[in-house]
1. Using a Gaussian network for chain B with springs between C-alpha atoms less than 10 Å apart, which of these wobbles most: B:223, B:256, B:324?
2. Tell me the mean residue ellipticity at 222 nm calculated for chain B from its helices only (DSSP H runs of n ≥ 4, each -39500 (n - 2.57), averaged over every residue, nearest 500).
3. Could you work out, residue by residue across B:265-272, how many beta carbons of other chains sit within 10 Å of that residue's beta carbon, and then give the average as an integer?
4. Could you tell me how many degrees, from 0 to 90 and to the nearest 10, lie between the Cα long axis of helix A:151-164 and the main elongation axis, the longest principal axis, of the Cα atoms of chain A?
5. Over all residues in B:278-287, what is the mean tally of Cβ atoms on other chains that come within 10 Å of each residue's Cβ?
6. For a distance above 24 Å, tell me the whole-number percent of Cα pairs in region B:3-157 that qualify.
7. Would you check the accessible area of residue B:97, probe 1.4 Å, heavy atoms only, in square angstrom rounded to 10?
8. Using 20 Å bins from zero, what percent of all Cα-Cα pairs in chain B falls into each bin?
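The values are calculated or read from the model by the stated rules, or taken from the named source; none is laboratory data. Bear in mind the structure is a predicted one, so any value in this text is a computation, not a measurement. Counting neighbours? That spans all protein chains shown, and the Cβs are built from the backbone with ideal geometry, glycine included. Side chains included, ligands, DNA and RNA excluded: accessible areas come from the protein's heavy atoms. Shrake-Rupley method; radii C 1.70, N 1.55, O 1.52, S 1.80 Å.
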Number of protein chains: 2
Amino acid sequence: MSRLSVVGGGVIGLSVAWRAAVRGRKVTVFDPSPGRGASWLAGGMLAPVTEAWPGEEAVLRIGEESLRRWPGFARELAEEGFDPGLSDAGTMVVALDSADAGHLEILAEYLKSLGREVEPVTGREARKAEPGLSGAVRSGLLVPGDLAVDNRKLLQALEKAARKRGVKFVHKELAELPEGEVVIAAGAWSSRLHPLLDGVRPLKGEILRLKPRRGCLPPPKRTVRAVVEGKPIYLVPREEGELVLGATQYEAGFDTAVTAKGVRELLEGAERVFPGIAEYELVETAAGLRAASVDTMPYIGELAGGVYAATGHHRNGLLLAPITADAIVALLAGEPVPDEVIAANPRERV
Amino acid sequence: MSRLSVVGGGVIGLSVAWRAAVRGRKVTVFDPSPGRGASWLAGGMLAPVTEAWPGEEAVLRIGEESLRRWPGFARELAEEGFDPGLSDAGTMVVALDSADAGHLEILAEYLKSLGREVEPVTGREARKAEPGLSGAVRSGLLVPGDLAVDNRKLLQALEKAARKRGVKFVHKELAELPEGEVVIAAGAWSSRLHPLLDGVRPLKGEILRLKPRRGCLPPPKRTVRAVVEGKPIYLVPREEGELVLGATQYEAGFDTAVTAKGVRELLEGAERVFPGIAEYELVETAAGLRAASVDTMPYIGELAGGVYAATGHHRNGLLLAPITADAIVALLAGEPVPDEVIAANPRERV
């Protein structure tokens, strides 16, 4: 069997490379900076539920199935010797006004209809669970099943596990596809590598990291999500005490400048939800490019003989890493992909 | 004559060292990071006028006299071969509400009574002069005489000029004063070095740097100042296109963490005054420690035989560098200090 080339060393490329190497393939990852890119800047929520919305069932299905695979994926990584930092602290979605509260009710009904465990709470109950929440929080939705992963720990764990399994890294950007079997996992840059990936485009996002200073209120125990003035924000606590605050979302081509407005809106939104953040130290501001797809479904499948897509994961790259890796490894072995991945076939979607 | 030790390599220490070396003294500057500290993070306004307020005549007098010396100081630096980046584009102070407008009228009357050139303008006239100003600007005060200096260019010019004149740099922090003649120019850390400097304390400030992205409105042509919700902000354009946005001000001991709230307030304030900044790239966030004094007057004078103070410059270190250097050089030579510096004598102020 020839070497497998993986173009892109974000969470998808690294997962594919590691899993393929575990199956005995010789793999080379091409990326000028493996472990960086959009994955490095993610919040790390593995949250198909709180991301879901009626009408996006295919996205929810693939997300739910990948979530189901996450604990096993994390365990296998840990067995390689590298902890991916998985947390099962859950999510609290909060409502700040009556429109938000209405949305939470719809979301709760929808999730219950899917058989998911959700617990609607009053503002007071929300603050009891998360004492730092603002008095302006009217109601909330507790989602105990939601997992989160420390994206940076995960990337480092994946790269180490891949290297341990013999994966080679070539630190350069490819202008065209290498010979032999290739997986395109180049995120926002994927459309440059194959015409069937024309629908993949950059979706800019700004994200901040904050750290409580001495005397500050501690970060929330679980992921906190809200919509402030029409803009979704999330606060994801990290084990070491940092708090990830994300994320803006807009079309700006390949621009990765951190804008004044993006930072201002994130900080304003976070203070509305969790006022104690005002006194936190702002330790990082960054912008990255998600690989957006038109319908938020990823592109996973064979593009042409021996050329595979594993890209366009929109906001869900970390969540969908296990199922994407499993699907690509199956395709490489001539086996069927998981059912939920069929709708992601790029040849059916042009 | 023995070597002169200067403790602190900010704008004051470097100015003193350079001027003393020009007069033939052998000088050593002690600073772990010369050219950094509060001076590195300053806006660079040389603005005794727009900083002035009735009742602070002594501060205004020393500021005005130092301003008068600034062009000569800059010219001598340029003659050494190093451009300090002096700008005479002036200042526009703007009012956003009727309370601000009232303050501007008082300030205008006060400055006129001091014989200063000021031009009250309507909101429309203000926007004609600075097209990026918000429609919310009600009125303004144009101060053509105000100078500004590129603080980073200045620090680099001063250090190079000092080195050219034989000044030596020792990159360490001193726990106690060295032997021989010493100038204490250690900014916020000065009180640790002499009991008469007990009144010098750190006054934290956060400051941002922004850069217009492609398609953005250009920065203002002159310094723009305003008070937004009780908090003063300034936008100072730099020749290379960056815009300095400052500054928060609060007592936080020696803490230099950039806080969420500080950044949010600066960005919010700036957008209120100059909305186009929203799309600028946020290229730097930083916090520094001004050397505050109780009455905003600096401490300049002999503390004890051969030990001199040149510190406590509050918000005015860059403005007061020329007169401070002149005063210290005069003291070292046994000559009288400029009249305006007499009120800064640390032995008269305990």
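1. B:256
2. Values: 9 runs with 110 residues, N = 350.
Calculated at 222 nm, the ellipticity per residue is -10000 deg cm²/dmol.
3. Details: counts 3, 2, 9, 4, 0, 2, 3, 0.
Other-chain Cβ atoms within 10 Å of each residue's Cβ, averaged: 3.
4. 20
5. Numbers: counts 6, 6, 5, 8, 11, 3, 1, 6, 0, 2.
That average works out to 5.
6. On the way: 5374 of 11935 pairs.
Every Cα pair in region B:3-157 considered, those over 24 Å come to 45 percent.
7. Its heavy atoms expose roughly 70 Å² to the probe.
8. 32, 57, 11, 0
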